[in-house]
Amino acid sequence: MPETPVMPETAVAFIGLGTMGRPMAERLLAAGYRLTVHDRLPEAVKDLVAAGAAPAASAREAATGAEVAITMLPNGPHVREALTGPDGALAALRPGSVLIDMSTIDPPTAQELARTASDQGVRMLDAPVSGSSAGAADGTLTVMVGGDAGTLAEVRPLLDELGGRIVHCGGNGAGVSVKLANQIIAGTSMVAVAESYALARRLGVDPRLLFDVVSASSGDCWSLRTRPPVPGVLPSSPAEHDFRPGFKGALMCKDLDLALATAAAHAVDLPVTLRARELYARMSEEGLGERDFSAVFTLLATED
Ligand code: NAD
């Protein structure tokens, strides 16, 4: 069980091999970690198994013999099921092992699962990430960690394979708290960029010129710089590829839901986040939930 910093060769269970989990798992495998992988979709594990990972039919099987287990799943209920469900990982993890949930979930669930893990002698960190699938592939994610600082020190070499910036944010739940605060800014600023492009289009402003001017002005922000929502402006923007994700609108809606529920529990009013959340919910209603969240522009844009 890891008490000194983990090294390549450590047995790692990786559960959840979607847009983010797959490239993250590939990096760990390439760095020499011994990976056992599980996803509820059998086809999601194929590439990793071809690259040398061992497949597991359940989270429990993946965690059997693992010193570190990582989950990268959509939301709290998925993490709860993968950890404490009938075939959950916690039943197999040995005392002293470390469980790292890298999904974006709500702080109360992160704290409750950390307590459940602790009752079994398993140390849990919440470690959500910021950065796209490209950041996952090249190991430049920002990782926001909640939990014991000593446990983080042990698994830091592994997290360093995944992230360019690993930040200890506080106790259990602090990582996801910081991540939700980040999502408020990312989600609302994308709507602002979309509104700006919708008006500029109506006024006949050249979209490239708008990008060049605003990215050097006070309106500059990450949403603009990575996702101008019309084609012909930035080759890497999802708008160039019919809004293929990227980061799905449905996941942004989920993150703003988590932020709003957390704010309500603490009597904090988030009126702009509430309005942005309605727009991301409409994306799913109109069949756009699997597109990049910058496709929110298509709800606002009026054709010329
Ligand atoms: P995704 O939907 O692409 O992948 C999730 C994977 O989990 C899927 O392969 C699914 O089959 C699997 N899964 C779901 N429930 C399961 C279960 N009970 N057991 C086993 N496998 C299960 O999602 P993603 O984009 O990889 O995002 C994962 C997390 O990371 C989310 O919380 C998201 O908010 C966060 N995130 C995503 C991005 C991004 O750019 N996509 C960036 C930062 C953070």
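The values are calculated or read from the model by the stated rules, or taken from the named source; none is laboratory data. Just so you know, these numbers come straight off a predicted model, no measurement behind them. As a convention, Cβ positions derive from the backbone with ideal geometry for all residues, glycine included, and neighbour counts pool all protein chains shown.
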Identify all residues within the stretch 193-226 that are farther than 27 Å from residue 143 by Cβ, free of Cβ contacts under 8 Å to residues at least 40 places away in the same chain and part of a helix (DSSP H, G or I); write none if there are none.
-> 196, 199, 200, 207, 208, 209, 210, 211, 212, 213, 214
Within the stretch 33-63, tally of residues that are away from the ligand (no atom under 12 Å from the Cβ) and either over 22 Å from the mean Cα position of the chain (by Cα) or in a loop (DSSP other than H, G, I, E, B) (or both) | 9
Of the residues in the stretch 87-107, those that are in a loop (DSSP other than H, G, I, E, B), over 14 Å from the mean Cα position of the chain (by Cα) and within 11 Å of the ligand (Cβ to nearest atom) come to 87, 88
Hits in the stretch 243-280 - residues which are crowded, with 16+ Cβ neighbours inside 10 Å, touching a residue at least 40 places away in the same chain (Cβ under 8 Å), farther than 22 Å from residue 226 by Cα and within 21 Å of the chain's Cα centre (by Cα) = 258, 259, 262
Would you mind stating whether residue 31 is modelled with pLDDT of 95 or more, among the small types (Gly, Ala, Ser) and within 20 Å of residue 128 (Cα to Cα)?
-> no
Among the numbered conditions (1) touching a residue at least 24 places away in the same chain (Cβ under 8 Å); (2) surrounded by fewer than 22 Cβ atoms within 10 Å (Cβ to Cβ), tell me where residue 283 comes up short.
-> (2)
